Structure formats: structure tokens, C-alpha cells
Amino acid sequence: MSVHRLVQAVTADQMPAELAQAWRHAAAALVEAAIPADTTLPETWPVCAQLLPHAQAALADDSAGMARIANYLGRSGSYAPARDLQQKVVEARERVLGPEHSQTLDARGNLAAWTGLAGDAAAARDLLAALLPVCERVSGPEHPYTLIVRGSLAHWTGVAGDPVAARDQYAALLPVHERVLGREHPETLIARANFALWAGEAGDPAAARDQYAALLPVLERVSGREHPETLIARANLAYWTGPAGDAAAARDLFAALLPVCERVLGPEHPNTLNTRGELARWTGEAGDWAGARDQLAALLPVLIAGADLARWTGEAGDPAAARDQYAALLPVLEWVLGADHPYTLNDRANLAWWTGQAGDSDTA
């Protein structure tokens, strides 16, 4: 149902305070009930996109619905907006529920994840390092959520520059996961995937490839062939197949994965863009330099379009959104084109400009 904004304002202004409050509660209940329970799944994202402005207008920051909306933003690739909204969830839950409530601790863990994915791995690691002893004290060292936090800390330790420590932390954590949660629990499977990843990053690509090859059929059976975690595992299997010595097989695995990512995640999702870049890379490594050139040439307009979208978002009066869009685009450009490519350098300059325009002159 749609009502003109002026009619809304006049109607609300004429309501007695008690009636207006009742309607606000009713609106919040309806919006929250309409948000899908699991916003990790790509098929829920169109509904979430429609509900986003309504949730921001109607829901309390500490609500479960707002947390699900933040999860939708992050899962769909909008990492910086997810981080910013999750920060509000954390602050509201600390105020309403208390700093050691289980829902507050869960929100802090999600804030760390979106902080890392938005580009600050060291901050994500530090947030989790502060969270872990609280979880161990409040819930116990082998509580399922404590194990999740340990795994996340290991992951962002690796991303922040210490892959050997990440691998060793996962090696110690994985048997606990299997004993406490079971060998096929989703969090156990995530721990297995991360152990494989950091084994590769620590210098053993063949071990990473073999571990992902063993994990993938389990993920497909437990979570489904098109679940986001399954797609990430497929991408990692393809990625480590190349450094393990088979460039042609890596190329073929990425070629099979790309249309699935485009259909499930969307053509401009960061994971889809990464898959397209990896396909170009391994096409070249397999000896087809012209094919790699053509694939990168096809990818470049998508990246340029993303930069143009960010620019015009800022020019249209939303410098904070422009800043976040440039921030999300930068790691993709660095990975696909290189840190010194003119387009990458231009994106970095624009990120600094719109950061300043958004009011953060020190960071700019």
C-alpha cells in the first residue's frame, strides 16, 4: 500500500500520541515479519532490497529484522553499508540488552566480519581478539558461538598478513569443531574450508586443492550446489588447482563456475567479478594470451561502470554512498588490473575525494 508523503505527515500529526505509537509498533511488526528469515540466500535479496528503506524507517536498531537487513547488505556485496548498519545494531544492543548479552556478542562478531570485508582486515582481527575472551567467559570455551569467533579470528589473522598463524589456529580448532558440533555441521564445514585456504596461503597449494576437492561434495550435499558457501568452495578449488600445477584445469573450473555466479549472485557481485578475473588469468596461464586479453577487455567496462555509478551517486548528493562504492570497487580493481594501473589509481584518488566530501577529511 502506498500513501502520499504529505497525507502521511498530516495524518500522523493529527493522531493522539498513544494511537500514533500503536501504529508505529504495527508498522514495525509488519516490516520485520516480511524480512526473510535467512538473508544469506541470494533468492531473498530482491525482497530485502525493496524492504531496506522501510526497515530503516520503521525498525529499531537493536531488532532482529535490522540485523537481517545488515546481513543482506553484506552477503549481496555491499560491505561498507553492511558494516555501518551493523555498527548501529551493536551500539543499540549494548544499550538495550547489555554488552554481554548473547545477541550483542553475535552482533559484534558480524560487525568484525563486515569490517574485514569492507577492507580493514587488521581492524576485524582486533575486534575479534577483543570479543573472544568475553565469549569464553560468558558462554564457555567450547560453546558453538565461541568456536565461530575463534575461527573468524584465525581467518582475519591470515588476511591481515599472517597465513601461517591462521593455518595453525584452524588446525587446532578443527578437531574441536568436529567433536562438539559434528563433522557435517555448517560451521565445521566452514572451518574445514578455511583450514584448506590457509594451508594454501602458507605455501602448500596442492594440500589446499586436495582439501577443497574433498570438501566440495560434502558442501553440495549438505548446503546445496548453489549455496554461497558452496560457490566460494568451488572458486577456491579452482584457484588452488592453478598454483598446484594445472592451469588448464583451473581455467575450466572457473569457466564452469562463472555462469552460476552470474545467475545466482548477479553479474556485478564482487565474487562474480573475481571469478571473471581469475578465468582471464588462468586462460592466459594455460597459453591462450589472446583469450585472456579479450576476457579482461570484457571485464573492464563493468569495472568502469561501477566507478561511474559511484561518481554520479556522489554528484547526486550522497557523498557517503559514493565513498562506500569506491571503497568496495578498489580491491577488485587492484586484484584484476593491479595496484599501479591507471584505473586503480584513479579509483583510489576518487575514494580519497569522496571520503573528504563525506566529512572525514583526516582519513581522506
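In this calculation the C-beta distance from Asp360 to Val218 is compared with R0 = 41 Å, giving a FRET efficiency of 0.40. Per-peptide packing, taken as the mean over residues of other Cβ atoms within 10 Å, places 318-328, 154-164 in the sequence 318-328, 154-164 from highest down. In the range 4-114, Cα pairs under 8 Å separated by at least six residues give a relative contact order of 19 percent. Over the chain, DSSP H runs of length four or greater, each weighted -39,500 (n - 2.57), average out per residue to a 222 nm ellipticity of -26000 deg cm²/dmol.
Among 348-359, 65-76, the peptide with the highest mean count of other Cβ atoms within 10 Å heads the list, and the full ranking is 65-76, 348-359. Relative to the longest principal axis of the Cα atoms of the chain, the long axis of helix 228-241 makes an angle of roughly 20 degrees.
For the chain, a simple Cβ point-charge model (Lys and Arg +1, Asp and Glu -1, everything else neutral) yields a dipole of about 360 debye relative to the Cα centre. Taking each residue as 0.36 nm, the span from Glu91 to Ala339 lengthens on full extension beyond its C-alpha to C-alpha distance by 85.7 nm. Extending 7 Å from Cα along the Cβ direction at Leu19 and again at Ala316 yields two label points whose distance is 3.8 nm. Which residues among the range 53-78 fall inside the zone where the amide N is under 11 Å from a point 7 Å beyond the Cα of Ala27, along Cα→Cβ? The answer is 54-59. Projected label points at Val138 and Thr11, each 7 Å from Cα along the beta carbon direction, are separated by 4.0 nanometres. When the charge dipole of the chain is built from unit charges on Cβ atoms (+1 for Lys and Arg, -1 for Asp and Glu) and taken about the Cα centre, the candidate among Gly314, Ala286, Ala17 whose Cα reaches farthest toward its positive end is Ala17. Treating the angle as unsigned and between 0 and 90°, give the value, to the nearest 10°, between the Cα long axis of helix 121-139 and the longest Cα principal axis of the chain. Approximately 70 degrees, to the nearest 10.
Think of each Lys and Arg Cβ as +1 and each Asp and Glu Cβ as -1; about the Cα centre, that makes the dipole of the range 232-276 roughly 40 debye. Each of Asn236, His185, Pro81 was placed along the dipole of the chain (beta-carbon charges, centred on the mean Cα), and the one lying farthest toward the positive end is His185. Return, ordered by residue number, the residues of the range 251-281 whose backbone nitrogen is under 19 Å from a label point located 7 Å along Cα→Cβ of Ala290. So the set is 280-281.
Ordered by the count of other Cβ atoms within 10 Å of each Cβ, fewest first, Trp45, Trp312 give Trp312, Trp45. Candidates [x] 14; [y] 22; [z] 11; which is the computed percent of Cα pairs over 38 Å apart? Only one option fits the structure, namely [y]. Summing charges over neighbours of Ser63, with a neighbour being any other residue whose Cβ is under 12 Å away from its Cβ, gives 0 when K and R count +1 and D and E count -1.
Computed from Cα positions, the angle between helix 247-264 and the longest principal axis of the chain comes to roughly 20 degrees.
For the chain, the longest piece that avoids every one of the GluC sites (Glu not before Pro) found in DSSP loops with at most 14 other C-beta atoms within 10 Å covers 185-364.
Between Ala255 and Glu229, the FRET efficiency from the beta-carbon distance, with R0 = 30 Å, is close to 0.90.
When only Cα pairs below 8 angstrom with a gap of at least 6 residues are kept, the chain shows a relative contact order of 8 percent.
Check each of the trypsin sites (Lys or Arg not before Pro) in the range 222-251 and keep only those in coil by DSSP with at most 14 other C-beta atoms within 10 angstrom; list them in order. For trypsin sites (Lys or Arg not before Pro) across the range 222-251 that sit outside H, G, I, E and B with at most 14 neighbouring Cβ atoms in 10 Å, the list reads Arg225. Projecting label points 7 angstrom from Cα along Cα→Cβ for Ala129 and Ala64 puts them 3.5 nm apart.
Here, each number is a calculation from the coordinates, and none is a lab measurement. Note that this is a predicted model, so its numbers are computed, not measured. Don't worry about glycine lacking a Cβ; one is built from the backbone with ideal geometry, like all the others, and counts go over all protein chains shown.
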